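**Q** Sending over a structure as structure tokens; questions will come in a sec.
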Amino acid sequence: MSDQSRPYRTAAVIPAAGRGVRLGPGAPKALRALGGTPMLIHAVRAMAASRSVSLVVVVAPPDGAHEVKNLLDEHALPERTDYLVVPGGDTRQESVRLGIDALPEDVSVVLVHDAARPLVPVDTVDAVIEAVRDGAPAVVPALPLADTVKEVEPGAPGEPEPVLGTPVRARLRAVQTPQGFDRDTLVRAHGAVAVSGEGATDDAGMVEQLGAPVVVVPGHEEAFKVTRPLDLVLAEAVLARRRANDGF
């Protein structure tokens, strides 16, 4: 079967095993409520909103997989989308790999999405999938930067830090998720990083280490990451506007 004629089944992996300490004490970040519903549920629904996504794999805290499965069972998801919960590892990288390992053999396109980006629009999800299906081995949604960026020599917290340089802002992008991958490329990238011991801040960075091309598609301002308390306030405002305008 040629590449043009073979079916593309797409699955999303959502690592949700972190504690989210920057949001303060309490439940893990992915389980914090947003509009009365856990952020994880919003993130799963955001992936399932794409008609191309037929499976969502949630990678839960190692001691909380049963709790997360019960949570998903309690909330309505599109009938066309299956979901699976697997225990995660000690690091995000390990958790993503465990999610990939759980995918059926017929999945050829893999999305990796942050549970802390609960409001990514479906158009962004579809754009990433389409770019992978068009032949890109790795795709990331991203936005141009509004602020000037300085490279500094890191110092002690609260202390002045010397500036080393100012990158050209027009060449910089703030990367979001879901990031999309040809499955074979993503598996090779995780394997290579595991062997080398070199880390990466995102999965696309692992693909870059392989020397494989990574392309950017337009991201969306509502796909921001909920990391700090102020982010949660903004997310509540976005969700309230959606519900008022669209009945979301």
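**Q** Given 207, 81, 38, which one lies farthest toward the positive end of the charge dipole of the chain, if we put +1 on the Cβ of every Lys and Arg and -1 on the Cβ of every Asp and Glu?
**A** Ranked along the dipole, the leading option is 38.
**Q** Related question: Can you bin segment 42-167 into rounded, prolate or oblate? Criterion: square roots of the alpha carbon gyration tensor eigenvalues sorted a ≥ b ≥ c, rounded for a/c under 1.5, prolate for a/b above b/c, oblate for the rest. Display every interim value, and only then the final one.
**A** Values: a/c = 2.22, a/b = 1.57, b/c = 1.42.
Judged from the Cα gyration tensor, segment 42-167 comes out prolate (a/c at least 1.5, a/b above b/c).
**Q** So, one more: Give me, ordered by chain and number, the residues 5 or more places off residue 83 or on other chains with an amide H under 5 Å from its own placed amide H.
**A** When sequence neighbours closer than 5 places are left aside, the close amide H contacts are 56.
**Q** Related question: So between residue 244 and residue 66, what do we pick up on full extension, going 0.36 nm a residue minus the alpha carbon distance? Mind dumping the intermediate values first?
**A** Values: separation 178, 0.36 × 178 = 64.08 nm, distance 3.40 nm.
Separation in residues times 0.36 nm, less the Cα-Cα distance, equals 60.7 nm.
**Q** What percent does the relative contact order of the chain come to when contacts are Cα pairs within less than 8 Å and at least six residues apart?
**A** Values: 459 pairs, mean separation 54.6, N = 248.
With pairs under 8 Å counted, the relative contact order is 22 percent.
**Q** Given R₀ = 22 Å, FRET efficiency for residue 51-residue 76 by Cβ-Cβ distance, to 0.05? Spell out each step's value before the answer.
**A** Working: r = 17 Å, r/R0 = 0.76.
Efficiency, rounded to the nearest 0.05: 0.85.
**Q** Also: What is the extension gain from residue 188 to residue 228, computed as 0.36 nm multiplied by their sequence separation minus the C-alpha to C-alpha distance, in nm to one decimal? Before the final figure, lay out the partial values.
**A** Values: separation 40, 0.36 × 40 = 14.40 nm, distance 3.33 nm.
Working it through step by step, the gained length comes to 11.1 nm.
**Q** With the cut-off at 1.5 for a/c, could you classify segment 107-248 from its C-alpha gyration tensor as rounded, prolate or oblate? If you can, show how the numbers build up before the last one.
**A** Working: a/c = 1.80, a/b = 1.01, b/c = 1.78.
Oblate.
**Q** Given that just one value was derived from the coordinates, which of (i) 1.09; (ii) 0.97; (iii) 1.17 is Rg/Rh (Cα atoms, Kirkwood Rh)?
**A** (ii)
**Q** Please report the accessible area of residue 75 (heavy atoms, 1.4 Å probe, ligands and nucleic acids excluded) in Å², nearest 10.
**A** Using a 1.4 Å probe on the heavy atoms, I get roughly 50 Å².
**Q** Mind listing the long-range amide H neighbours of residue 88? Cut-off is under 5 Å, sequence gap 5 or more, other chains count too, H placed in the peptide plane at 1.01 Å from N.
**A** Result for residue 88 returns 60.
**Q** Moving to a separate point now. Please enumerate, by chain and number, the lysines with C-alpha under 22 Å from the C-alpha of residue 29, excluding those fewer than 8 residues away in the same chain.
**A** Within the straight-line cut-off, residue 29 pairs with 69, 225.
The values are calculated or read from the model by the stated rules, or taken from the named source; none is laboratory data. Please read these numbers as outputs of a predicted model, since none were measured by experiment. Every residue, glycine among them, receives a Cβ derived from its backbone with ideal geometry; neighbour counts consider all protein chains shown. With ligands, DNA and RNA removed, areas are computed over all heavy atoms of the protein, side chains included. Shrake-Rupley method; radii C 1.70, N 1.55, O 1.52, S 1.80 Å.
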